[in-house]
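Quick one: the structure is below, questions incoming.
The values are calculated or read from the model by the stated rules, or taken from the named source; none is laboratory data. All values derive from a computational prediction rather than experimental measurement. Using ideal geometry, Cβ is built from the backbone for each residue, glycine included, and neighbour counts are taken over all protein chains shown.
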Amino acid sequence: MTKKRNPWSRKGDFGHLLVIGGNEYYAGAPYFVGMAALRAGCDMVTIAAPERAADIIASYSPNVITHPLSGLHLKPGNVLEIMEIVKGKTAVTIGNGLGKERGTLEATAHIINKLEIPCVIDGDAIDRMRGRLENVVITPHAGEFEKLTGVKVGTSIGERKNAAQAVAKELGCVILLKGHVDVVTDGKRTVINKTGNSYMTKGGTGDVLAGVTGALLCQGFSLFDAAKHAAYVTGKAGDIAARERKTSLLATDVIECLHRAVR
C-alpha cells in the first residue's frame with residue numbers, strides 16, 4: 001500500500017498535506033487528520049486553522065506545522081490566505097471540525113473550487129457541496145450523505161452501493177460512504193470494505209480516515225485507490241486497537257495502530 005522508498009529519498013518526496021479545519025471549539029479533529037496522515041506515510045503536514053485552534057494544536061505535538069488564520073472560524077476573508085498556503089502542497093483535506101458558522105461554508109466552497117491538487121472533503125465541508133467536484137474524494141457517513149444528496153440510505157449494502165455510485169457519477173468524484181461496511185466508488189468501479197468494528201463509533205475515527213486518505217494522495221495514489229486503501233487500513237488499525245481496548249478505544253488508539261495495519 002505504501003510508496004517504495006529510495007535510500008536517497010528526501011523530506012517531501014512522500015508529500016506535504018495541507019489540513020484545513022478547526023474552529024474556536026474544535027481543535028482535535030484537524031489534529032487527528034494530521035497525525036493520521038503522518039502515521040500513514042506522508043512526510044509533512046501543515047494545519048491551517050483559526051487562531052485559537054491552531055495554538056491548541058501546536059501545543060499537542062511538534063510533529064505538525066500550524067498556520068493560524070485570523071478569527072475564530074474560517075471565513076471568506078481567509079480564502080486568499082489559504083490559496084497562498086496551498087502553494088507547494090501535494091494534497092488537501094478540508095472540513096474536519098470547521099463548524100457551520102456564518103461564512104464558513106461559503107469560504108469552504110470557494111477554496112474547493114479554486115484547488116488544483118487532490119482534495120479530501122470531510123465533516124462540515126460536505127453539507128453544501130454542489131456541482132462537479134473532480135479531483136476530489138468525499139468521505140460521508142450516512143447522515144452527511146443524506147445532507148449532501150437528500151437520499152437516506154439504510155443498512156442494505158446493495159442500496160448503499162447504488163446510491164453512492166449514482167452520486168459519484170453525477171459529481172465526478174470518488175465517494176467513500178462510511179459504515180459497518182464501507183462503499184468506495186468512482187461511479188464506475190465500486191468496492192466494499194469490511195474492516196472496522198462497532199467500537200470505532202468514538203469521535204475522531206472519521207478524521208483518522210480522512211488523514212490516511214490524504215496521506216495516500218500525497219504519495220501518488222489515484223483518488224479511487226487512495227480511498228479504498230484508506231478504508232481498509234483505517235478499519236484494520238481499529239480492529240487491532242479493539243482487541244485490547246474494546247469500549248475504551250479512542251481515535252488516538254487507531255492512529256497508534258496504523259503502523260501495524262500498514263505493515
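With respect to residue 139, is the statement that it is closer than 26 Å to residue 229 by Cα and of a type in the set (Ser, Thr, Tyr) true?
Yes.
Please go through region 72-93 and give me each residue that is under 20 Å from residue 55 (Cβ atoms) and either of a type in the set (A, V, I, L, M) or at pLDDT below 95 (or both), ordered by number.
72, 74, 82, 85
For residue 161, which of the numbered conditions (1) surrounded by fewer than 24 Cβ atoms within 10 Å (Cβ to Cβ); (2) touching a strand residue (DSSP E or B) at 6+ places or on another chain (Cβ under 6 Å); (3) under 23 Å from residue 240 (Cβ atoms) fails to hold?
Only one criterion is unmet by residue 161, namely (3).
Then there is this: Here are the criteria: (1) under 23 Å from residue 11 (Cα atoms); (2) touching a helix residue (DSSP H, G or I) at 6+ places or on another chain (Cβ under 9 Å); (3) surrounded by 15 or more Cβ atoms within 10 Å (Cβ to Cβ). Tell me which single one residue 85 does not satisfy.
Here residue 85 meets the rest and fails (2).
Would you pick out the residues in region 116-131 that are closer than 20 Å to residue 46 by Cα and either crowded, with 20+ Cβ neighbours inside 10 Å or in contact with a Cys (Cβ under 7 Å, 6 or more places away or on another chain) (or both)?
118, 119, 120, 121, 122, 123, 124, 125
Another question, then. What's the total number of residues in region 145-199 that are modelled with pLDDT under 95 and acidic (Asp, Glu)?
Number of matching residues: 2.
Quick one: residue 232 ticks every box in (1) more than 15 Å from the chain's Cα centre (by Cα); (2) in a helix (DSSP H, G or I) except a single one, so which number is it?
Against the list (1) more than 15 Å from the chain's Cα centre (by Cα); (2) in a helix (DSSP H, G or I), residue 232 comes up short only on (1).
Would you point out which residue out of 258, 216 is over 19 Å from residue 140 (Cβ atoms) and not small (Gly, Ala, Ser)?
Within the list 258, 216, the selection yields 258.
Restricting the search to region 59-82, which residues are crowded, with 19+ Cβ neighbours inside 10 Å and in a strand (DSSP E or B)?
Selection gives 66, 69.
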